[in-house]
Amino acid sequence: MRNPGINVLSIGLVRAVPAGLAAVAAGVGLAVLIRRAVGAPGWNPGPVLAVGTLTGILAYMVALGAFNYWVRWILAGKRPEEAETKTDLPRWARYFSFDLDHKVIGVQYLVTALIMLLFGVTLGFLMRYELTSPGRTIMGPNMYNHIMSLHGINQIAMILIGVSGLMNFLLPLMLGARDMPFPRLNAFSYWLLPPAGALLFASLPAGGFDTGWTVYPPLSVQAPLGMQFMILAVYLVGLSSILGGINFLTLVFKGRAPGMSLFRMPIFGWASMATSLLQMTFTQFIGMSFLMVLLERLVGMAFFVPSSGGNVVLYQHLFWFYSHPAVYVFVLPGFGIISEIIPVFSRKPIFGYAAVGLSSLGIAIGGSLVWAHHMFAAGMEPWLRIPIMITTVLVAVPTGVKVFAWISTMWMGKIRLETPMLFASTAIAVFLIGGLTGVPLGIVPADLYVTDTYYIVGHFHHTMFGGFVFPLMAAIYYWFPKVTGRFMNERLGRVHWAIMTTGFFTTFLPFFWLGLNGLRRRVYDYDPSDPFQTLNIVSTVGAGLLVTSFFLVAINIITSAIWGLRAGANPWRAKTLEWQVASPAPDENFETPPRVVDTPYGYGRPGSVHAIMSTGGAEGDN
Amino acid sequence: MKKHLMALAAITAVGTAVLAYLFLTKQITPARASSQAHDVDRLFSVLFAIASFFLVLCLGGLVYSLIFFRRRKGDESDGPAMFGHAPLEVTWTLVPLAIVIVLAIIGAFVLQSVTAAPKEELDVRVSAFQFGWQFNYPNEGLQTNELRLPIGQPVRFTLTSRDVIHDFWVPEFRIKEDAVPGMETTLRITPDRLGDYWALCNELCGIGHAYMRAPVKVVTQEQYRSWIEGLKKEKGS
C-alpha cells in the first residue's frame, strides 16, 4: 500500500485541512477587527464564526486544488492543454485528493455516506434508549432535542450524499460514457461535503440546535449557535446537490453511448434523470429558506418572525417546496436499483419497461405539487387542503405501477436468493408498508389526527429504508465486485440481512400503533400512565439490532475489500454495460465506446445482447 | 401459470378478508370523545381496509415468488421472456387511480363534516406559550389554565401563540391544529364523552415540549355552569 516515494503534500486533503483551519482563524480575527473598527463589541460568536466558516471553506477548496484548472485558464487566457489528471498518485491517495475520475468520486461519496450513516444510526439509538423509560433515562431534554435534530438532518444529508455516490459510480458506466460531462464540477461537488460533515459534527459542541431538521422559525431564530453550523452545512450539501443534478442530467441527455436511445437505458438511468431534475430544480428553495433564517438570526432581517413583521407559514411553504420533492430524490435512485437487481436475479426482463421508466418522471412531476400536505394542520390557507390532497394521492399511482412491475418481474422467474436479491426484495416489502401507510396522510381529516405523531415517524422510516437504505445495501452487495474486484462475504451478508430486517421491523412497526394511540413525535418523555413503555422497549431492542447490522456491513466491506473472493467481470450474468468491462472497473471505462443494440433486459430471449463491446472488456469468464 | 395465479388470488381474498375485518371491527385508537373522532376513526378503518387488499396482494405476490419461483440447483437458464402485458399494466394504473380519487372524494366529505360550523358555538380562545396553555372564555370573561367543556356543545377554538409554533391536540378528540404566532387558527370540536383528557402540544417548541399539556374535562351542562359560576364568584371576591 504505502509508497515511500510519495510527497504527502501532493495529497489534496493534507494541504486543505490545515489551510482551512488557518483561514477560519484568520476570518474570525478579521471579523473581530472590523467589528471593533466600527465600534461594535469585538466578540459575537454568530457573525464572527459565520465569516470564519466562509473564509475557511474557501481556503480549503483553494488548497485542495479545486480552482487550479480554472485559474490557469484565466491566467493563460486560453483553455489549458493538458488536463491535470493526477494518475501519478497511488490509488489510495487519489481518494484523499481532488481526483476527476467518477469512480473515485463515487467511492468518496459512498464512504462519506456510510460514515454519516453509522453516526446517524448511533444518534437514533441514543434517542430510542432515552425513551425506554418515562423520565430521564440517559440524558436531559435539551440533549435529547439536539440529538434528535442532528439525527434528522444528518440522515437527510447522508441520503443525498449516498444517492450522488451511487449515481456517480454507476451512471457513466451504465450509459457507456467515459466520465461525467463536467468532471471538475463533479469533484468540486464532492469536496464541498467534508466541510459540511465537519460543520454538522461540530454543531453539537457549538451548542446544538433543537428545531428538528425542519428548522421552523421562530424556534430556529432563537436556537443556539449550533443552528448556524447546521444551516451552513445544509447550504454546502444543497450546493453540491444542485451541481450534481446539472452534471447527471447532462450525462443522461448528452453522454449516452451510440445506439443507447432513452428507451434502451437501464431503469436506473430514468431514475437518475428524474432525481437530477428534482435536485436541480428544487434545492434552491431550501437554500433560500435556510439563508433567510440565517439572515434573520445574524442581522435581524424580518422574514418569518411575526413580532418583527414576518410570517411563519411562509417559511413552511418555502421549506416544503424543496423538502417534499427531496424525498423523491431520496427514493427514486433506490427504485432504480431495485429495478436493476430484480431482473438479474429473477432471470426475467423488467415487466413493463416503459411504464417503470416513465413512472419515475411521473413521480417527480407529481411529487413537485404536493408540498403543502405537510402543512394541513399548520394554519395555511384552508382552500389549499383539497387540491393538495388530490395531487398527493395521485402520486400513489406511479409508485404502485413500480411495485406491481417488480412483483410481476419476479413472478414465474428463476430466482436466485443471494444477498443483493434478499435486500432488494425486502426493500419492496418495506416500501410497500411505507407507501400504504402514507395514503391516510394524504387524506386531510385522517392526517389531522396522526400528523406529528409516531405514526408519521413510522411511515417515513419505512419509505426511507424501503426507498433508500435497503436498496443501498442491495447495491453495495451487488456492485462491490465492480468497485473492488472482490465479492462481499456472502455468509456475513446473510447474517447482516437477517439482523437488519428483524431489527428494522421490530423498531418501526410499533411506531404505527404508538402514533395511533397518541404518542407525539419528537417528545423527550411520556407519562408513566401512558401505555407506551412496553412498545418503546421493544422498539429500542430492535434499534439495537439495526445499529449492529450497520456495523456488520461496515466490517464486511472492509474485510471483503482486502480478503474477499475474487470476482470476474460479470459474476451475476447481468446485461447492463458496467458488467461488460473488467472488475474492478478500469481507469478508462471503455477502450472504445460500446455500441448499444438492444434492451438491457433481454433475459429469456435467445442471443439477446445489450451492446456490442468493440475490444477488450469482459475477459471471458462470467 | 394459471395454478399460481389462482393461489395468489386465494391468498389475497382470504388475507384481505381477515385484515379488513379486523380493521373494520377492532378499535386500535384511544377512546373517542368527540363527534369528529367517530368520523376520523371510520375513515381510518375504511382506508386501512382498502390498504389491506394491496398489502396482501403485493406482499403475497412477493413472498409467493420467493418461495415458488426459486431457481433449481444447476439451472443456469433464463425465465420466460415476459416483457410486459399492456392490459394488465393499464389495469393496475387505472384501478388504483380510481380508488385514490374515490378516497380523496370521501376525504373531502369527511373534512367538510369535521370542520363544519354549527350555529350555536361555544367560543374558547386558546393562547399557547412556552410551555403551557391559557384558555379564555370570552363570553364569560374568564381565563383559566384548564379546559372544561360541556358535553354535546360544539366548541370553536381560536388558537394563537405568544412565542413559537405550538399545536393544540387532545388525542381523544382526534383532529388538531397549530397555534401560530402572529395569526389565529380555528379548530372545531364537539365533545361527546364525559371524562378527563389532556391537551398536548404537538409541535416541537423547545426544551419543555414533552411536558406542555393542560387538563381537559368534558362535563355535563350543569357541572359546566356551576364551574363557570364558581370561577366568576372567585374572581369577583
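For this structure, a couple of remarks:
- Number of residues in the range B:48-63 that are more than 7 Å from chain A (Cβ to nearest Cβ) and buried (at least 19 other Cβ atoms within 10 Å of the Cβ): the value is 6.
- Neighbours by Cβ (under 9 Å, 6+ apart or cross-chain): first from the range A:175-194, outside the structural domain of A:ILE161 (by TED's automatic domain parsing); second assigned to a helix (DSSP H, G or I) and buried (at least 20 other Cβ atoms within 10 Å of the Cβ): none
- Selection count, the range A:396-416, where residues are farther than 30 Å from A:HIS373 by Cβ and either at the interface with chain B (Cβ under 7 Å from one of its Cβ atoms) or small (Gly, Ala, Ser) (or both): 7
- Test: residue in the range B:200-214 that is in contact with a strand residue (DSSP E or B) (Cβ under 7 Å, 6 or more places away or on another chain), assigned to a loop (DSSP other than H, G, I, E, B) and more than 10 Å from chain A (Cβ to nearest Cβ): no
- Only listed residue being open to solvent by less than 10 Å² (accessible area, probe 1.4 Å) and out of contact with any strand residue (DSSP E or B) (no Cβ under 9 Å at 6 or more places or on another chain), chosen from A:GLY124, A:GLY165: A:GLY165
- Hey, B:SER45 at the interface with chain A (Cβ under 9 Å from one of its Cβ atoms), in contact with a Leu (Cβ under 7 Å, 6 or more places away or on another chain), within 20 Å of B:TYR21 (Cα to Cα) and touching a residue at least 12 places away in the same chain (Cβ under 8 Å) or not: no
- Count of the range B:117-144 residues which are open to solvent by 50 Å² or more (accessible area, probe 1.4 Å) and hydrophobic (A, V, I, L, M, F, W, C): 3
- Close Cβ contacts (under 6 Å, 6 or more residues apart or on different chains) running from residues in the range A:52-81 that are β-branched (Val, Ile, Thr) to residues that are open to solvent by less than 60 Å² (accessible area, probe 1.4 Å) comprise A:THR53/A:LEU232; A:THR55/A:ALA23; A:THR55/A:GLY27; A:ILE57/A:PRO195.
- For A:GLU418, the stated conditions hold: it is of a type in the set (D, E, K, R), farther than 25 Å from B:THR91 by Cβ and modelled with pLDDT of 95 or more.
- Residues of the range B:160-199 that are basic (Lys, Arg), more than 30 Å from A:GLY309 (Cβ to Cβ) and either at the interface with chain A (Cβ under 8 Å from one of its Cβ atoms) or crowded, with 22+ Cβ neighbours inside 10 Å (or both): B:ARG174 alone.
- Here B:ALA10 does not fit the description of being assigned to a helix (DSSP H, G or I), over 22 Å from B:PHE68 (Cβ atoms) and of a type in the set (Gly, Ala, Ser).
- Hits in the range B:23-43 - residues which are touching a Phe, Trp or Tyr at 6+ places or on another chain (Cβ under 9 Å), assigned to a helix (DSSP H, G or I) and open to solvent by 30 Å² or more (accessible area, probe 1.4 Å): B:PHE23, B:LEU24
- Residue within the range A:429-436 that is without any contact (Cβ under 8 Å) to a residue 24 or more places away in the chain and within 10 Å of chain B (Cβ to nearest Cβ) present: yes
Every residue, every condition in (1) more than 8 Å from chain A (Cβ to nearest Cβ); (2) assigned to a helix (DSSP H, G or I), yes or no:
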position: B:GLY74; (1), (2): yes, no
position: B:GLY84; (1), (2): no, no
position: B:PRO87; (1), (2): yes, yes
position: B:TRP92; (1), (2): no, yes
position: B:ILE99; (1), (2): yes, yes
position: B:GLY107; (1), (2): no, yes
position: B:ARG148; (1), (2): yes, no
position: B:GLN153; (1), (2): yes, no
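- Which listed residue, of A:LEU262, A:LEU298, is open to solvent by 10 Å² or more (accessible area, probe 1.4 Å) and either at pLDDT 95 or above or outside the structural domain of A:PHE404 (by TED's automatic domain parsing) (or both): A:LEU262
- The set of residues in the range A:199-225 that are in a helix (DSSP H, G or I), under 22 Å from the mean Cα position of the chain (by Cα) and buried (at least 20 other Cβ atoms within 10 Å of the Cβ) comprises A:LEU199, A:LEU200, A:SER203.
- Across the range A:501-523, not a single residue is classified as more than 14 Å from chain B (Cβ to nearest Cβ), without any contact (Cβ under 8 Å) to a residue 12 or more places away in the chain and in a helix (DSSP H, G or I).
- Take the conditions (1) under 17 Å from A:THR392 (Cα atoms); (2) in contact (Cβ under 8 Å) with a residue 60 or more places away in the chain; (3) surrounded by fewer than 22 Cβ atoms within 10 Å (Cβ to Cβ); A:PHE321 misses just one of them, which is (2).
- Members of the range A:524-547 found to be more than 14 Å from chain B (Cβ to nearest Cβ) and without any contact (Cβ under 8 Å) to a residue 60 or more places away in the chain, listed by number: A:THR534, A:VAL538, A:VAL541, A:GLY542, A:LEU545
- Search result, residues across the range A:451-468 that are over 18 Å from the mean Cα position of the chain (by Cα) and either farther than 17 Å from A:PRO510 by Cβ or modelled with pLDDT under 95 (or both): A:THR451, A:ASP452
- For A:GLY493, the test of being farther than 26 Å from A:ILE147 by Cβ and open to solvent by less than 50 Å² (accessible area, probe 1.4 Å) is passed.
The values are calculated or read from the model by the stated rules, or taken from the named source; none is laboratory data. All figures in this text were calculated on a predicted structure; none of them were measured in a lab. Glycine also receives a Cβ, built like all others from the backbone with ideal geometry; neighbour counts cover every protein chain displayed. Heads up: the accessible areas ignore ligands, DNA and RNA and are worked out on the full protein's heavy atoms, side chains in. Shrake-Rupley method; radii C 1.70, N 1.55, O 1.52, S 1.80 Å.
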